[in-house]
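Engineer: Quick one: the structure is below, and I'll ask about it shortly.
The values are calculated or read from the model by the stated rules, or taken from the named source; none is laboratory data. Worth saying up front: this structure is predicted, and the values here are computed from it rather than measured. Cβ: placed from backbone, ideal geometry, glycine included. Neighbour counts: every protein chain shown. What goes into the accessible areas is simple: the full protein's heavy atoms, side chains included, and nothing from ligands, DNA or RNA. Shrake-Rupley method; radii C 1.70, N 1.55, O 1.52, S 1.80 Å.
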Amino acid sequence: MTQTTPSSSSLLRLAGLPYFLIAFTARLPFAMMVVGVLTMVVTVRGSLSLGGLTSASVGLGTALVGPFLGAAADRCGQRPVLLVCAAVNATMLASFAVVVYTPLADAVVLLSAFAIGASAPQVSPMSRSRLVTLIAERMPAERRVRTTSSTMSYESAADETVFVFGPFLVGVLASLIAPWAPIAIASLLTLVFVGAFALHPTARHVSAQRRSDGSAPSSATELFRPALLVVVVGIFGVGLFFGASLTSLTSFMADRGAPEQAGLLYGVMGVGSAVLALGVAWLPARFTLHARWLVFGGILLGGSVLFALAETVPLMLLALAVVGVGVGPTIVTQYSLGAARSPLGRSATVMTMLGSGVVVGQAAASAVTGAIAEQGGSAPALLMPLVAAAVVVIAGIGNRLLSPVQR
């Protein structure tokens with residue numbers, strides 16, 4: 001293991017500008033998967049319910065396998081894990097694009113979607129883990145807290161951007177080319193950019209907190225501490241909101257004869273969300289992480305009420321703008337708390353747990369909301385984001401009770 005000494009260099013200099021460009025693009029296929037699968041199945045097979053179940057299968061694969069990929073990266077290094085995932089996931093995406101167009105049973109479609117989720121490269125969590133490790137081991141102690149906050153803001157803004165631009169790109173490609181185009185492009189991006197992310201020099205860096213045999217000094221049971229699990233529940237609620245809002249928005253636009261435009265409207269939420277996520281790093285320290293979760297979670301809850309009551313496209317755009325103000329800072333806060341509470345030597349595992357929570361929540365809500373929309377119409381489906389926002393706020397209250405003192 002290479003020993004490092006604190007440096008006065010900025011994180012941009014330590015990691016290099018190409019790193020941030022590669023890491024940003026490499027996470028785009030992950031954001032396109034759930035929405036691309038949903039759009040493709042609904043368009044080709046004509047079932048919103050099956051589309052929701054297929055999205056849920058992607059999330060199930062991520063939930064069952066994703067944290068193990070993070071643990072493997074903690075122990076063996078990110079490079080071998082990411083290279084294998086890039087090759088397998090690109091193949092699974094290409095296979096899915098073929099399977100949906102064949103007369104094969106729905107069960108085969110669901111199994112193929114599960115394989116996509118199980119092999120999904122965990123770029124976003126691993127990027128956070130790399131940067132947190134660089135900050136902890138190669139920056140002076142007095143700069144670590146501020147730099148970590150700024151890094152979590154940037155990473156969350158990047159996630160917000162790709163999670164909005166992903167559906168937007170899916171909508172454009174599906175409308176202009178064909179329903180299979182978003183999945184095919186995601187396969188190509190995975191092979192090229194996840195491969196480049198795996199081969200970047202920062203992937204060689206192993207945390208000094210790991211022992212010589214690769215094991216962590218902390219126990220795996222520390223991953224199940226209530227203070228950490230409540231953050232996982234909270235970020236799962238954000239994932240629920242993403243899935244419920246996009247699926248119900250798809251139903252809302254389908255009533256108006258333009259379901260493929262749902263991703264375009266969804267982008268309105270992402271603009272405010274990404275901007276506010278970047279601004280979190282400049283909030284005063286006395287505005288604690290616990291208070292931020294409750295305040296911005298409350299804004300998300302209020303915006304969800306407007307979302308449920310919207311009857312026209314302009315009102316829906318207003319609701320999406322309001323929830324965008326709440327969701328970005330909330331997810332930044334949750335990732336910051338996750339980083340602060342990570343057991344020694346297990347940062348990639350924790351970040352993968354949080355990243356998986358978003359995808360699992362998104363997929364589960366897509367399945368449930370899709371079934372509700374198909375059976376009851378758009379009106380009850382539009383209530384689901386409100387339920388998801390309530391989960392976020394309740395978890396925020398739990399976090400406040402578990403951590404009464406800001407550390």
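Engineer: Only Cα pairs under 8 Å and at least 6 apart count here; give the relative contact order of the chain as a rounded whole percent.
Structural biologist: 28
Engineer: Once the piece of chain linking residue 264 and residue 192 is laid out straight, how much longer is it, given 0.36 nm per residue of separation minus the C-alpha distance between them?
Structural biologist: 23.3 nm
Engineer: Between the helical axis of 384-402 and the dominant principal axis of the chain, each derived from Cα atoms, what acute angle in degrees is found, rounded to the nearest 10?
Structural biologist: On a 0 to 90 degree scale, this one is about 20.
Engineer: Between residue 44 and residue 105, what is the label-point separation in nm under the 7 Å Cα-to-beta-carbon projection?
Structural biologist: Each label point is offset 7 Å from its Cα along the Cβ direction, giving 1.9 nm.
Engineer: Relative to the present Cα-Cα distance, how much length would full extension add between residue 401 and residue 285 at 0.36 nm per residue of separation?
Structural biologist: 39.8 nm
Engineer: What percentage of the solvent-accessible surface of the range 311-407, computed with a 1.4 Å probe over protein heavy atoms, is contributed by carbon and sulfur atoms?
Structural biologist: C and S fraction of accessible area: 72 percent.
Engineer: Further, regarding this structure: Going by average Cβ neighbours within 10 Å, how do the peptides 382-388, 146-152 rank, with the highest at the top?
Structural biologist: In decreasing order of mean packing, 382-388, 146-152 become 382-388, 146-152.
Engineer: Now for a separate question. So what J values fall out for the range 172-180 if you push phi through Karplus, 6.51 cos²θ - 1.76 cosθ + 1.60 with θ = phi - 60°, rounded to Hz, Gly and Pro as x?
Structural biologist: 5, 5, 5, 6, 8, 10, 5, x, 7
Engineer: I'd like the FRET efficiency for residue 68 and residue 143, computed as 1/(1 + (r/R0)^6) with the beta carbon distance as r and R0 of 30 Å, rounded to 0.05.
Structural biologist: 0.35
Engineer: Can you tell me how much longer the chain between residue 76 and residue 91 gets when fully stretched, taken as 0.36 nm per residue apart minus their C-alpha distance, in nm with one decimal?
Structural biologist: Stretched fully, the residue 76-residue 91 segment lengthens by 3.0 nm.
Engineer: Per DSSP helix of 4 or more residues, -39500 (n - 2.57); summed, then divided by the residues of the chain. What does that give at 222 nm, rounded to the nearest 500?
Structural biologist: Calculated at 222 nm, the ellipticity per residue is -26000 deg cm²/dmol.
Engineer: Still on this structure, I have one more. By average Cβ neighbour count within 10 Å, what is the ranking of 307-319, 81-93, 22-34, 357-369 from highest down?
Structural biologist: The most tightly packed comes first, giving 357-369, 22-34, 81-93, 307-319.
Engineer: Give me the accessible area per residue for the chain, probe 1.4 Å, as a whole number in Å².
Structural biologist: Per-residue accessible area for the chain comes out at 38 Å².
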